[in-house]
1. Please list, in chain and number order, the residues 5+ apart from Ile28 or on another chain whose amide H is under 5 Å from its amide H, with Hs placed from the backbone.
2. Which of the trypsin sites (Lys or Arg not before Pro) across region 29-73 are loop residues per DSSP, with 16 or fewer other Cβ within 10 Å?
3. Loop by DSSP (not H, G, I, E, B), at most 12 other beta-carbon atoms within 10 Å: where is the longest site-free stretch of the chain for GluC sites (Glu not before Pro)?
4. Given the options Asp34, Asp25, Asp128, which has the most mean-square fluctuation in a GNM of the chain, springs set between C-alpha atoms less than 10 angstrom apart?
5. Count charges around His37 for me, please; just the other residues with Cβ under 14 Å from its Cβ, Lys/Arg as +1, Asp/Glu as -1.
6. How much net charge surrounds Ile28 when only the other residues with a Cβ under 11 Å from the Cβ of Ile28 are counted, with Lys and Arg +1 and Asp and Glu -1?
7. Please give the calculated 222 nm ellipticity per residue for the chain, where each DSSP H segment of at least 4 residues contributes -39500 (n - 2.57) and the sum is spread over every residue; nearest 500 deg cm²/dmol?
8. When the Kirkwood radius is taken over all Cα pairs of region 2-140, what Stokes-Einstein diffusion coefficient follows at 25 °C and 0.890 mPa s, in µm²/s?
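What follows draws every value from the coordinates through simple rules; no lab data is involved. These numbers were taken from a predicted model, which means no experiment stands behind them. When we count neighbours, we look across all protein chains shown, and the Cβ atoms used for this are built from the backbone with ideal geometry, even at glycine.
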Amino acid sequence: MHVLIAGCGRVGSGLARDLVTEGFDVTILDESADAFHLLGDDFPGEFVVGRALDWDVLRRAGIEDAAAFVACTDGDNTNIVIAQIAQKKYGIRCVVARVYDPLRAELFAQIGINTVCPTRDVRVSLFDAVRSCQLPLPNQEG
């Protein structure tokens, strides 16, 4: 099963390695050839250098045969656009986009794109961590 990942930073490269370990056929694309060093020398997948917004680059990376598409570049706008291209133009049912802005992530999810919002998720995790310290609430202090 072919998975195409746009963005080869720490998240994209780690995800690519995890998916390969699970048996997926992975192609990862990034604007910078230097980014691919994060995959390690033994990465068995494909990598493509180019802009994720370039339809020719997406086709060269195998978007037409992808069962899943992950947009995890460093830009919300890019991720939103390429996720929509994957979903609407290429009919990929499993499309996941990283969106830093919680409001955009929510709106994007409403149109059927699976979103991961690190900003929201980290805030919730940090809040839960503080609450786990079992501090008295400010209005309950004696």
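1. For Ile28, the qualifying residues are Ile5, Glu46, Phe47, Val48.
2. Numbers: sites: Arg51, Arg59, Arg60; in loops: Arg51.
Those that pass, being in a loop and sparsely packed, are Arg51.
3. The answer is 23-140.
4. Asp128
5. Details: positive: Arg10, Arg17; negative: Asp30, Asp34, Asp41, Asp42.
Result for the local shell: -2.
6. On the way: positive: Arg17; negative: Asp30, Glu46.
Surrounding charge for Ile28 is -1.
7. Numbers: 5 runs with 51 residues, N = 142.
So the helix-based figure for the chain works out to -10500 deg cm²/dmol.
8. Working: Rh = 15.9 Å.
Using the Kirkwood radius from Cα pairs, D works out to 154 µm²/s.
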